[in-house]
Every structure is written in structure tokens, then in C-alpha cells.
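Here is the structure we will look at, set down as C-alpha cells.
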Amino acid sequence: MIVSVTIFIVVMTVAAGAVLTIADANRKSQSAKIAIDNLGFALESMSRHIRVGTSYSCTENPDEIDTVCKYNNGSGTKSDTFSFMFKDPNTDDPAYQISYTINDNNDNALKTSVNLGDYESMTSPDIVITDGGFYVEGSKKTDKIQPRVIFFVKGYAGGSNPKHKTEFNLQTSVTQRALDS
């Protein structure tokens, strides 16, 4: 009887450990899914606005056309800030400036600003961006290159708990919809 009870306790202890491991893995995957969905939504929103924007610039002033953040076939200097002019095609509202920045004040977030207002976070606190940047090609009308923005973010989801971290590395390229004339 004692041997049977001992074997039962050992089996139950192993089974309880397995259940706790599965529950922890489920929490990690749920946390990562929510955070990555949030990041995906932010990047998709950025892409939609950039696609119909004009006057791309790697500064907070879209009138300053610069080549500081030109891509150069995989090399070049990235910029932490990207700005452009946006006019909603569905309204008669005047154009306004949208700016995006990564790691402004070392807060590990992707942020946006409208008309040089305060930057607001686009990502949840569970997303920590460790690196990122913007490259711009074709921002000058005279270069005969269709305007294009390449941006990337690298970091992890899962907040401060190291057991729940899921790393990500995303990059996308957006070409201006209007032809560069």
C-alpha cells in the first residue's frame, strides 16, 4: 500500500509540473500574440498613411528634403524620425504633417505626432523596441526615383518578465502611390 501511494504521489507531482509548464507556455504565447498583433496594426496603419503621403523626409520638417537616410542598397544611415505630409483623400480637409519616431527619449516605443504636436505611443507597453529606423529613397523630385520608405523594428514582446519574451524583427517597404513626376 505504501509503495502504491508513493508511486501515485511521484506520478502526480510529474503531471502537475507538466500542467504548470503548459500553462506558462500558453501565457507566453498569448502575450506574444497580443503584442505582435498590436505591432502589426501599428505598422499597417503607418503603411496606409505613408502610401498616400507626400514630401517624405528624415527630419521633423517635410520641407527639408535630405539624403541623410538614403538606403544605398542595404547600407546607409538610418534615421530615428520620419515625416511626411498627409491629406485624407476622402475629405476636403487640408494636408497635415505626420511624424513617426522610434525610441524617442530612450523609451523603447514607436510613436507618432501630428502637426509637430506631442508624440504618442503607437505600441503597447508589452512591446519593447530595441532598434529601428527609417530609410528614404526618391524624396527629391529631380532624382527620377519613385519615393519609397523602408522601415524596420527589432525588439521583443512580453514585457519585463524574461520567461515570456518573444523576439521579433520586422521590416517593410512602402512606395508612394502617386507617381513621382
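Answer yes or no: is there a residue in the stretch 21-34 that is of a type in the set (Val, Ile, Thr) and modelled with pLDDT under 75. So far as the stretch 21-34 goes, no, none of its residues is of a type in the set (Val, Ile, Thr) and modelled with pLDDT under 75. The residues in the stretch 127-143 that are modelled with pLDDT of 75 or more and in a loop (DSSP other than H, G, I, E, B) can be counted, and the count is 1. Would you check which residues across the stretch 103-121 are in contact with a Phe, Trp or Tyr (Cβ under 8 Å, 6 or more places away or on another chain), modelled with pLDDT of 80 or more and not basic (Lys, Arg) and list them? Once the filter is applied, which keeps residues that are in contact with a Phe, Trp or Tyr (Cβ under 8 Å, 6 or more places away or on another chain), modelled with pLDDT of 80 or more and not basic (Lys, Arg), the stretch 103-121 yields LEU110, THR112, SER113, VAL114, ASN115.
Residue-wise test of (1) hydroxyl-bearing (Ser, Thr, Tyr); (2) assigned to a strand (DSSP E or B).
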site	(1), (2)
MET85	no, yes
THR112	yes, yes
ASP118	no, no
THR123	yes, no
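Of the residues examined, ASP92 is not one that is surrounded by 15 or more Cβ atoms within 10 Å (Cβ to Cβ) and at pLDDT below 80. Going through (1) of a type in the set (A, V, I, L, M, F, W, C); (2) modelled with pLDDT of 75 or more; (3) in a loop (DSSP other than H, G, I, E, B) one by one, LEU39 falls short only on (3). Specify which of the listed residues (THR54, THR77, THR67, THR6) is at pLDDT 85 or above and surrounded by 10 or more Cβ atoms within 10 Å (Cβ to Cβ). After applying the criteria, what remains is THR6. Got a sec? Which of SER160, SER124 is surrounded by fewer than 20 Cβ atoms within 10 Å (Cβ to Cβ), within 11 Å of the chain's Cα centre (by Cα) and at pLDDT below 85? From the options SER160, SER124, the qualifying one is SER124.
The values are calculated or read from the model by the stated rules, or taken from the named source; none is laboratory data. These numbers come from a predicted model, not from an experiment. All Cβ positions, even for glycine, are placed from backbone atoms using ideal geometry, and neighbour counts span all protein chains on display.
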